[in-house]
Amino acid sequence: MFATLPDGSRLPRHRDPYAGSLRFHLGLATPNDDRCFIEVDGQRYSWRDGEGVLFDETYIHYAENTSGENRLILFCDIERPMRYRWAQKS
């Protein structure tokens with residue numbers, strides 16, 4: 001899926017409930033600027049063109065872009081094997 005984050009935008013702090021996957025972001029057309037970032041569990045990552053970020057979306061995270069440019073990424077969920085079958089998505 002493709003996702004934009006326009007200049008001046010902020011996604012509020014949240015956590016996603018499903019632990020069966022990890023989220024991957026690939027920077028496609030990013031500001032390449034530290035003012036465009038995602039913070040996951042207190043660790044900040046700035047998007048860069050051609051670089052990936054993999055994170056556990058069950059941790060509190062938020063994103064912000066105050067760079068003066070829009071951000072475009074490709075993101076997908078990567079299945080994480082669960083120890084117990086009942087915890088897996090059907």
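The values are calculated or read from the model by the stated rules, or taken from the named source; none is laboratory data. What you see is a predicted model, and the numbers here were worked out from it, not measured in a lab. FYI the Cβ positions are ideal-geometry reconstructions off the backbone, even for glycines, and counts take in every protein chain you see.
Below, the figures for the structure above:
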| item | result |
| --- | --- |
| PHE24 being aromatic (Phe, Trp, Tyr), modelled with pLDDT of 95 or more and surrounded by fewer than 13 Cβ atoms within 10 Å (Cβ to Cβ) | no |
| Number of positions in the stretch 44-55 that are surrounded by fewer than 17 Cβ atoms within 10 Å (Cβ to Cβ) and either modelled with pLDDT under 95 or farther than 16 Å from LEU22 by Cα (or both) | 5 |
| Scan of the stretch 3-42 for residues that are more than 12 Å from the chain's Cα centre (by Cα), hydroxyl-bearing (Ser, Thr, Tyr) and either part of a strand (DSSP E or B) or on the phi > 0 side of the Ramachandran plot (or both), ordered by number | SER9, SER21 |
| Qualifying residue in the stretch 57-80 (condition: hydroxyl-bearing (Ser, Thr, Tyr), at negative phi and without any contact (Cβ under 8 Å) to a residue 24 or more places away in the chain) | no |
| Any chance THR30 is surrounded by 12 or more Cβ atoms within 10 Å (Cβ to Cβ) and out of contact with any strand residue (DSSP E or B) (no Cβ under 9 Å at 6 or more places or on another chain) | no |
| Residue tally, condition free of Cβ contacts under 8 Å to residues at least 24 places away in the same chain and not small (Gly, Ala, Ser), over the stretch 35-56 | 7 |
